[in-house]
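Undergrad: Please read through the structure below; I'll follow up with questions.
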C-alpha cells in the first residue's frame, strides 16, 4: 500500500529515514528549514515542499524529526505549521527526541483539533538509520499505532509498543539516553581507576565486553574511551546535556529523584566548563581521568 | 598431568570450583573452617585436611576462595597458615574478592618467603561456577600464570591475563562489581521514572534488553528488578557495601575520585538504614522507588 | 515625603511589609487576589483596590510580593496587569523570590514600555518582616534604587546594592536560600552521625552555635533539628524544592555546575517521596536520620 | 596547683598550647620528634625530654598533640611509648584530630593498663592557640575530666563536655571539620554562580556575612575565597582530605550515609588531581569556579 507521507526534518537521522520510506515505495514529500537538504532527496524520488503547510496538507501521515523542542514547537505549533494544516484523523508521528512536556502538549493540541498523535522516537545512530536498523519505541492509541506500522517497518528493525499515552515513548527514549550516559560515566571512572594501577585500557575493555558487559553500548563506548576518540563528536556534549536536562525535567514533573542523572548533569556542565563542549559526550571519561590526574593520550 | 592442589574455602563458589578440579582429574585436598563443607566433597574423591597446614604442606598449588579479607588474612598470614607452610616456588592462587591492599601485602609476603603469588578472582555466580563457566581475571608473573592455566581451564570458560602485578586482577574484579552495581542503580532510577509514567516494567526491561542494553548484567538484574525478586538474596546488600568500600579504598589509594561509587555507597548505606540489609544488593532499586513514593509490588 | 505606593500581594510577608509602609506615613493602596487579606489592612489606613489596574494606575511605585513566578507573571504580564497600567518613569519593585529568567523578562518588558524595574528580594521570616528588620538585596539602575530607598528603609534594617542588572538581586536571593539549605543538609548529616555515637543533640548544637557556627542560620535551624520541630512548617518542603530548582535553573543558564544544589534537589524529592511534603524544609534532617536507621523522637 | 604535665607534639598548635600551660605556672616537660621544636621551649621554662618514656614516667598528665593517627599510634602504642610508661590512674589527654577508631582503641588499651584516657580535641587555628582562645570538646569519665579542667582552662576559652565515651569528642571534632568544609563547598558554588552573573564577590561576601551568614567560618573562608588567597595554605588540601576520610570512616562504622561528605571527598580528590594539593583546603572553591569555566584572579 502506498502511503502519502510528509517528512519534516532532514538532518543526519531524518534524511536516511526519509530515503528508506521512499525505497519502501511510499509517496514522500520532504521539507527542511535549510532547503538544500530537501533538494538532495529529489534523486530518491522525493517531492520537495517549500513550506510546512504545503507538505502537510495532503499527507496521510506527517513525520517530524527535528533537533529539539524548539524546532518541533515552531514547525508544529506556529502559524502555518502542522497543527493548522493537518487534516482530521490524520496522524502526526513525532520521532524526535523531545521533552515529555512538549509531547504532552502536542497530544493535547492534536486531540483538540481532532487529529491523531503518536510519539515514536528512535534508538540508533545515523548508520543504523541508513540501514533501516533503528529500534522504535512507539506510544499512542492502538489503532493509530497499527496504521503507522508500515512506516515503522520501513525505517526500523523492530518496534516496541510502550503504551497508549504518547509521552510514554518519550520517557522511554530519554531514559535510554540516560542509561547510555550512566554507562559512559561509570566506565570512565573504572578506566581511570585501572589506568592508575597500570592496567592497559584496551585489554581492560576487551575483558569487560567479552564477559558480563557485552551490550552494544559497552562495546561502542568502551572502544571510544580506550582510543580517546572524542573528536569529531558522534553526539556532542551539549546534546548530552540537553538530554540529561530533559530526563531530569521529566523526573521532577512526577517527583522522582534520579541521583545518577544529577551527577551526570554536574559532570557534563563541568566538562563543558573545562573546554570539552565540542567533543563527544563520552569525553566525560576524559574529564574524570583528568580529575584523577591522568594525562591525555598523546 | 595430575596436579596436587590444596583448596581452602568451600562456600557456594568454592565447593563447585573444587568439584570441577576433581572432575578434571586433579589431586585435590580440601579444607574449610566448617568441616562439614569439606566432608561433603569426599564423595567427589577429595582428600579432606583437618588443618590449613596439613592441606598446604605437600601441595603444588594452594587456592584460597574465602568470603573476605578477614578470612583470607587469617588463613594465609596467621600462625599455622599458608605462608608458614607453603613450599618454596609453590604458588598461592588467591581467587577471593579481596582488597587491593591485602593483595599487595600477600604479594610482598610471599615474595619475602620465596613463594609465588597469583591473583585470579572470578566473575560469575554459583551456577556458573558449577558449570565451569566462570570468567577469570588473572595477574602475576607470566611464568607463574602459565603454570596455573590447567587449573583455570578446569574452573572457568576463559582466562584474561590482566598484567604482571597480582593486585591488578583484584582492581579489575572490584571495578567489575562496581560496574554491575552502577547498572543496577541507573536501572533502578529509570524504572522508577517509567513506573511513574505508567509504563509496565516488564515491557520496559524487555525493550531495553532487546535493543542496546543486552548484556548479561542488564538481563539478570533487569529481570530481578521487574519481578522485585530481592529475597532470598543472591548477593546480600552488606556484600555490595563491602565491595563498594573496597573499590573506593583502591581508588583513594591512588587519588582517583569515583563519584558514581560514592553515590552507590551512600545509597547502600541508606537502603540498609531503611531495613534492606538482608535483601539482594539489587534492592537498591526498591530503595530508589520508595524515594519516588512508589509502593512495593504486593 | 509621602509616597504613593501600590502594594500587590498580602501574604504572611507582604501584609506586615505593607503595614510598615503605612506606619512610615506613606499612601498605600493594597491589592490581593483573596480580597479579605486586603480588607484587613483598612484599619491600618490602607486604601483597598479591587483590581491590579486600579491599584497601579496612580502609583509612584508598585511593589509585588507574591508566592512564585506564576503569580507574579499573572499580575504583571497578563491583560489588565501592572505592565499595561504602570505610568512611564514609574518603578515596579519586585520583592518576591522569583526566577532569574522571569526577572530578566520583566526588566526587558518594563524597559520596552518606558517603565523602571528594580528587583529587591528580602531575607527574613514573617517576624522580621513585622519588625521591619528584613535585609534587602537590591539591584537596578542607581537612580531608580535611590528613589526606592525610603521604601526599603520602611520595611528593612539594611539594604545591600548588588548591581545594576535587576536579576543580580534575584541570583543573590536564590543563592542565599541555597546556602541556608546546604547548612541544613550538612547539619542533618552531622546530627545523624553524632546521634549514632550517643551524643546528645541539644548539647551538640549548643557546642556548634557557641563556637564556630554562630550564624543565625545555624542557631535557627540547629534548634529546630534538635527539637525535631518540623510541623507546622515555617517554610514548606515544596517551597524548598521550588527554590532549589530556581537556583539550579539560574546556574544551568550560565553553565555553572552546583553539586551541592543537585544533592539537595534529590534529597528534597526523596523526602517528599517518603511523605515529608508538608513538613518544614529542615526536615530533610529527619530524612537523613531515617536513612541512618535512626528513629523519630517520640 | 602546680601540675606535672608531659606535652608530646610541638607543631604549630602544640607549641603555643605548651607555652600557655607554662605561663599558667605548670611544670611542663616537652618532647617532640624533631628535637629543635622542643629546645625552643626552654626559654619558656619547659623541661625537655629526650624520649617519650622519660617525659611520660613522672607526669600526672600526658598530652598528645600530633598530626595524625600514625604519629599518635607510634608515640602511644609502640614500645617505649606512653602506654608502657604511664603510671596507673594517670591521665592521657589526646588533643589531636585522630580517627574515632584509634580513639576507641586507645580507650581500651589504657583501661586495660589501669590508666585513664580523655579525648579533648580543639577547635581553632594557631593564632587562637597562641591566645589561649581554643574551644575544647572533651569526653571521658566525669571525674577524669574534672581533673583535666585546669589544663583546659590554660589553653582554651571554653570547654564543652560531650559525653563519657572519649571517642564522642573525636566524633564532634571530625564533624566540625566536615561542617566547615561543607560551608566552603557551598560558598564556592554560590560564588561561582554569582560571578557568572557579574556580581562582585567581595560585595557578595559582605552581604552574606552581614546578614544571615555571620559565623566565624563564613567570615574567615568568605574572605579567603573572595581574595583567592589559597597560598600559603592555612590548612592544606591533603589534611582536608584526611579529615573527610576520617568522618566518612566514622560514619561507615555506624552505618550513617553522609552524602555531603562523599561529595566533598570526590571534590577534594579532583582538586588534587587538578594540581591543587598544596593549596589551602578552601581552594575547592577555585576547583568549582574552574568547572564553571571561570578564570583565576590574576
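Undergrad: Quick check on residue C:199: is it modelled with pLDDT of 95 or more, assigned by TED's automatic domain parsing to the domain that holds residue C:276 and either at positive phi or part of a helix (DSSP H, G or I) (or both)?
TA: Considered against the rule, which asks whether it is modelled with pLDDT of 95 or more, assigned by TED's automatic domain parsing to the domain that holds residue C:276 and either at positive phi or part of a helix (DSSP H, G or I) (or both), residue C:199 comes out as no.
Undergrad: Report whether or not residue D:170 is modelled with pLDDT of 95 or more, assigned to a helix (DSSP H, G or I) and surrounded by fewer than 24 Cβ atoms within 10 Å (Cβ to Cβ). Spell out the reasoning first.
TA: Numbers: modelled with pLDDT of 95 or more: yes; assigned to a helix (DSSP H, G or I): yes; surrounded by fewer than 24 Cβ atoms within 10 Å (Cβ to Cβ): no.
Judged against the criteria, residue D:170 is not a match.
Undergrad: Next question, about the same structure. Can you name every residue in the range C:150-168 that is free of Cβ contacts under 8 Å to residues at least 60 places away in the same chain and under 17 Å from residue C:102 (Cα atoms)?
TA: Correct list: C:164, C:165, C:168.
Undergrad: Of all residues in the range C:269-290, which are without any contact (Cβ under 8 Å) to a residue 40 or more places away in the chain and surrounded by 24 or more Cβ atoms within 10 Å (Cβ to Cβ)?
TA: Of everything in the range C:269-290, those that are without any contact (Cβ under 8 Å) to a residue 40 or more places away in the chain and surrounded by 24 or more Cβ atoms within 10 Å (Cβ to Cβ) turn out to be C:269, C:270, C:271.
Undergrad: Among (1) part of a helix (DSSP H, G or I); (2) closer than 13 Å to residue C:179 by Cα; (3) within 7 Å of chain C (Cβ to nearest Cβ), which single condition is residue D:213 missing?
TA: (1)
Undergrad: Follow-up question, since we're still on this one. Could you tell me whether any residue of the range D:218-233 is closer than 24 Å to residue C:286 by Cα, outside the structural domain of residue D:72 (by TED's automatic domain parsing), at pLDDT 95 or above and not in a helix (DSSP H, G or I)?
TA: Among the residues of the range D:218-233, not one is closer than 24 Å to residue C:286 by Cα, outside the structural domain of residue D:72 (by TED's automatic domain parsing), at pLDDT 95 or above and not in a helix (DSSP H, G or I), which makes the answer no.
Undergrad: Quickly run through the range D:188-203 and pick out the residues that are more than 7 Å from chain C (Cβ to nearest Cβ) and either surrounded by 19 or more Cβ atoms within 10 Å (Cβ to Cβ) or out of contact with any strand residue (DSSP E or B) (no Cβ under 8 Å at 6 or more places or on another chain) (or both).
TA: Selection gives D:188, D:191, D:195, D:201, D:202.
Undergrad: Please verify whether residue D:165 is assigned to a loop (DSSP other than H, G, I, E, B) and within 22 Å of the chain's Cα centre (by Cα), treating the condition exactly as stated.
TA: Yes, satisfied.
Undergrad: Restrict the check to the range C:220-238 and report whether at least one residue is facing chain A (nearest Cβ under 10 Å), in contact (Cβ under 8 Å) with a residue 12 or more places away in the chain and crowded, with 18+ Cβ neighbours inside 10 Å.
TA: Checking the range C:220-238: not a single residue is facing chain A (nearest Cβ under 10 Å), in contact (Cβ under 8 Å) with a residue 12 or more places away in the chain and crowded, with 18+ Cβ neighbours inside 10 Å.
Undergrad: Just one of C:261, C:251 is under 18 Å from the mean Cα position of the chain (by Cα), closer than 22 Å to residue C:175 by Cβ and crowded, with 24+ Cβ neighbours inside 10 Å; which is it?
TA: Only one candidate passes the filter, namely C:261.
Undergrad: Also, quick follow-up: Return yes when residue D:285 is under 26 Å from residue C:193 (Cα atoms) and either more than 8 Å from chain B (Cβ to nearest Cβ) or in a loop (DSSP other than H, G, I, E, B) (or both) and no when it is not.
TA: Taking the combined requirement at face value, the residue satisfies it.
Undergrad: Scan (1) within 11 Å of chain A (Cβ to nearest Cβ); (2) in contact (Cβ under 8 Å) with a residue 12 or more places away in the chain; (3) more than 14 Å from the chain's Cα centre (by Cα); (4) in a helix (DSSP H, G or I) for the single condition residue B:147 breaks and write down its number.
TA: (1) is the only condition that residue B:147 fails.
Undergrad: Then there is this: Between D:138, D:107, D:129, which is buried (at least 21 other Cβ atoms within 10 Å of the Cβ), part of a strand (DSSP E or B), more than 9 Å from chain C (Cβ to nearest Cβ) and at pLDDT 95 or above?
TA: D:138 is the lone residue from the list that is buried (at least 21 other Cβ atoms within 10 Å of the Cβ), part of a strand (DSSP E or B), more than 9 Å from chain C (Cβ to nearest Cβ) and at pLDDT 95 or above.
Undergrad: Also: Among the candidates B:207, B:160, B:178, single out the residue that is facing chain A (nearest Cβ under 10 Å), in contact with a helix residue (DSSP H, G or I) (Cβ under 8 Å, 6 or more places away or on another chain) and not in a helix (DSSP H, G or I).
TA: On the way: B:207 fails: not in a helix (DSSP H, G or I); B:178 fails: not in a helix (DSSP H, G or I).
Step by step, each of B:207, B:160, B:178 is checked, and only B:160 is facing chain A (nearest Cβ under 10 Å), in contact with a helix residue (DSSP H, G or I) (Cβ under 8 Å, 6 or more places away or on another chain) and not in a helix (DSSP H, G or I).
Undergrad: Hey, can you tell me all the residues within the range B:268-281 that are under 21 Å from the mean Cα position of the chain (by Cα) and within 16 Å of residue A:259 (Cβ to Cβ)?
TA: Correct list: B:268, B:269.
Undergrad: Quick check on the range D:242-255. Is at least one of its residues in a helix (DSSP H, G or I), more than 10 Å from every other protein chain (Cβ to nearest Cβ) and free of Cβ contacts under 8 Å to residues at least 40 places away in the same chain?
TA: no
Undergrad: All but one of (1) surrounded by fewer than 18 Cβ atoms within 10 Å (Cβ to Cβ); (2) more than 21 Å from the chain's Cα centre (by Cα); (3) within 25 Å of residue A:192 (Cβ to Cβ) hold for residue B:214, so report the exception by its number.
TA: Here residue B:214 meets the rest and fails (3).
Undergrad: What's the number of the condition residue C:266 fails, among (1) without any contact (Cβ under 8 Å) to a residue 12 or more places away in the chain; (2) facing chain A (nearest Cβ under 10 Å); (3) more than 17 Å from residue D:186 (Cα to Cα)?
TA: Answer for residue C:266: the failing condition is (3).
Undergrad: Kindly establish whether residue A:266 is on the phi < 0 side of the Ramachandran plot and in a loop (DSSP other than H, G, I, E, B).
TA: no
The values are calculated or read from the model by the stated rules, or taken from the named source; none is laboratory data. This structure is a prediction, so every number in the text was calculated from the model and none was measured. All Cβ positions, glycine included, derive from the backbone under ideal geometry; neighbour counts span all protein chains shown.
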